[in-house]
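Nothing in this text is a laboratory measurement; each read-out follows from the coordinates by a stated rule. Quick caveat, the model's predicted, so the values are computed rather than measured. Positions of Cβ are backbone-derived with ideal geometry, glycine not excepted, and every protein chain shown enters the neighbour counts.
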Amino acid sequence: MPLAEGTAVNLNLIEEVVVRLQRGANPERFGEDLKAFLKNPSLWRGSDESVSARASTDEPKSVAPEMHGSHPYRVAPLATNWLDSRLTREMKLYADIEEASGVELTWPRDLFMATLEKFGREAVEIWEREFGLRVGTIPDYAVYQNAPFPQNKPCTWFYKKVLAGKIGDASDGVFVPDTEAFRLRSAVVLFDPRRRPMFKDGHQLWPEDKKFLGGLIARLRNEKKLCSFKSIPSLSRFGVSPDDWEWAVKPVLGSIKEFAGVVWRLERVIEWSFLCQTHPELPRATDGETDTWIQFEDCYKDARHRLCGGRNEYESYKQVYECHDNAANIRNGAWSLRPLGVLAAGG
């Protein structure tokens, strides 16, 4: 006699519990997966009974996303709407990291979903479609010099200066040493997936940037709120000093209605490294192969100097240098900016 539908589901559940306990599954992740199973039993082990039961309902069919690598029992959510599709993408990112490096990162999954729901589908799709940005997460993880992940880390100079209290934050105008500047801090962010351009005597431009930062900078230059240069196009992110960013560009970027609620700053060294190395599908994955410089949020020694780095002739991701003797008001045709929008921190 065939099993009743509820009995078949219960047997599937028992089988999964046994398998996961034998594999030493992460209790927190297992709890999340269990909730997903109870909502849709077909997510685990392809139950024919539950699939046919689901097909008999009036709800639209959807296909479970592919399981990843060495984690055949990891549940990914059904990509039935805009929230699920983005969660699936983020889960795959961390599953790929774990499979490649053996490091299981703690990332703000619940905060990510809550933040997406807070800003809403329309805002997120405008950020992606109109401005060419990407919503993502940063995990809580200390990138020590001997850490197994990521493969490329900042140079020894960076770690020495961090431990010496020479690198820190000056977001309030006062330099505060950060002796853990090598730590990634949990956040949901709006980041720029573009690749920095190669140097062309100051004429280089970031790709497809007019609707995001290029057009804003051009307007500020036309209004005489930023300096203009014959060798630098008005749409260029180059030739903009840290002071220009803080006092002219950032306030205007923050006033754009589509970015209401977004807190803007520059990427920290360790965030730049993480976001470039963990998104192989994005143009910025090869950011370290370019020969222009990127300015960072991290300050060096005082509030008037910023870190910059990333030129390919200096081993790409491994090299980060302070701004030498240049104060925060110095403009350079080889230095540019990459803003980072913080949507939520912690979690």
Residues whose placed amide H lies under 5 Å from that of residue 278, excluding near-sequence neighbours:
none
Return the distance in nm (one decimal) between the two label points of a simple spin-label model at residue 301 and residue 329, each offset 7 Å from Cα along Cα→Cβ.
1.8
Checking rank on 238-246, 95-103, 282-290, with mean other Cβ inside 10 Å and highest first, the result is 238-246, 282-290, 95-103
Whole-Hz ³J(HN,Hα) for each residue in segment 289-296, computed from phi via Karplus 6.51 cos²θ - 1.76 cosθ + 1.60 with θ = phi - 60°, x for glycine and proline: what do you get?
8, 8, 10, 9, 9, 10, 8, 10
Would you please give the residues with an amide H less than 5 Å from that of residue 189, counting only those at least 5 places away or on a separate chain, with H modeled from the backbone geometry?
136, 137, 138, 343
Longer than 25 Å from Cα to Cα, which of 161/230; 92/200; 210/250 are they? Say none if no pair is.
161/230; 92/200
Around residue 298, which amide H atoms from residues at least 5 apart in sequence, or from another chain, sit under 5 Å from its own amide H, with H modelled in the peptide plane?
269, 307
For segment 164-304: relative contact order, % (alpha-carbon pairs under 8 angstrom, 6 or more apart)
34
Given R₀ = 30 Å, FRET efficiency for residue 183-residue 227 by Cβ-Cβ distance, to 0.05?
0.25
Return the sequence-ordered ³J(HN,Hα) values of segment 81-92 in whole Hz as given by the Karplus equation 6.51 cos²θ - 1.76 cosθ + 1.60 applied to θ = phi - 60°, using x for Gly and Pro.
8, 5, 5, 5, 5, 6, 5, 4, 4, 6, 4, 5
In whole Hz and in residue order, list the ³J(HN,Hα) couplings for segment 137-144 that follow from phi through the Karplus curve 6.51 cos²θ - 1.76 cosθ + 1.60, θ = phi - 60°; x for Gly and Pro.
10, 10, x, 9, 7, 8, 8, 5
